[in-house]
Amino acid sequence: MHGRIIFLNGTSSSGKSSIARELLRVLDDPHFHMPVDSFHAMRSRREIAADELPDVLHRTWKGFHRAVAGMAAAGNNVVVDHVLSEEWRLLDCLELFPARDVVLVGVRCSLEELQRREQARGDRPAGLAARQFEQVHAHGLYDIACDTTTASATDCARRISAFLPQRPLPTAFERLRTVLRPGLRPEA
């Protein structure tokens, strides 16, 4: 049996990690939270030359996708906290994850609130969320969306949890495969 992947997609500082922590608390079945930030944190802290950095980051993202796919393939339910700010990331996930098992959640937040959170956090480059803002949701399809501008992480997690038993088919991943990866079988 393949595990379910609850895929939270949103800009930096949109509230994905907070929602993921709440999902682990409110969901009945065991789930693993796999945030992409944890994969970046595993890398050694040596200085990386500017011309090498894009390749290192690309390999990190690809490895993250494969780790998520492996956990789910082993039957584990996973909550993924991700930023689809480059089209290749979504295409890679569409190829790797069984589309029927993915619940794609759009985590939105107003630009003004993102900028406020980013400044309050102090651990992100200034303007990161603004640079990601348009691209992250460019694909346009979700199974469910949450707006953390006013809704709490707990409210979003409860809403997602209540949605899971009545999730319609085809899933957003199945529809995206048809549009973006027409050569892939929908059920793969």
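Among the residues of the stretch 35-74, those that are over 20 Å from residue 12 (Cβ atoms) and among the acidic types (Asp, Glu) comprise 47, 51, 52, 55. When each of 151, 162 is tested for being hydrophobic (A, V, I, L, M, F, W, C), closer than 17 Å to residue 9 by Cα and more than 18 Å from the chain's Cα centre (by Cα), the lone residue that passes is 151. Within the stretch 58-77, residues that are on the phi > 0 side of the Ramachandran plot reach partners that are exposed (fewer than 13 other Cβ atoms within 10 Å of the Cβ) with beta carbons closer than 8 Å, at six or more positions or on different chains, in the pairs 75/1.
Annotation for the stretch 166-173: at least one member residue is over 15 Å from the mean Cα position of the chain (by Cα), over 14 Å from residue 109 (Cα atoms) and open to solvent by less than 30 Å² (accessible area, probe 1.4 Å). Among 145, 151, which is out of contact with any Phe, Trp or Tyr (no Cβ under 7 Å at 6 or more places or on another chain), in a loop (DSSP other than H, G, I, E, B) and open to solvent by less than 50 Å² (accessible area, probe 1.4 Å)? Exactly one residue qualifies, and that residue is 151. The residues in the stretch 130-188 that are modelled with pLDDT of 90 or more and among the acidic types (Asp, Glu) can be counted, and the count is 4. Looking across the stretch 7-31 at every residue that is over 19 Å from residue 138 (Cα atoms) and of a type in the set (Val, Ile, Thr), the one that is surrounded by the most Cβ atoms within 10 Å (Cβ to Cβ) is identified as 19. Counting only residues that are among the polar types (S, T, N, Q) and either open to solvent by less than 40 Å² (accessible area, probe 1.4 Å) or farther than 28 Å from residue 2 by Cα (or both), the stretch 32-49 holds 1 of them.
Among the residues of the stretch 1-24, write down those that are in a loop (DSSP other than H, G, I, E, B), out of contact with any strand residue (DSSP E or B) (no Cβ under 7 Å at 6 or more places or on another chain) and of a type outside the set (A, V, I, L, M, F, W, C).
The answer is 2, 11, 12, 13.
Each residue in the stretch 25-45 was checked for being at pLDDT 85 or above and in a loop (DSSP other than H, G, I, E, B), and 4 of them qualify.
The values are calculated or read from the model by the stated rules, or taken from the named source; none is laboratory data. All of these numbers come straight from a predicted model, not from anything done at the bench. We place every Cβ from the backbone using ideal geometry, glycine too, and count neighbours over all the protein chains shown. In case anyone asks, the SASA skips ligands and DNA or RNA and just uses the protein heavy atoms, side chains included. Shrake-Rupley method; radii C 1.70, N 1.55, O 1.52, S 1.80 Å.
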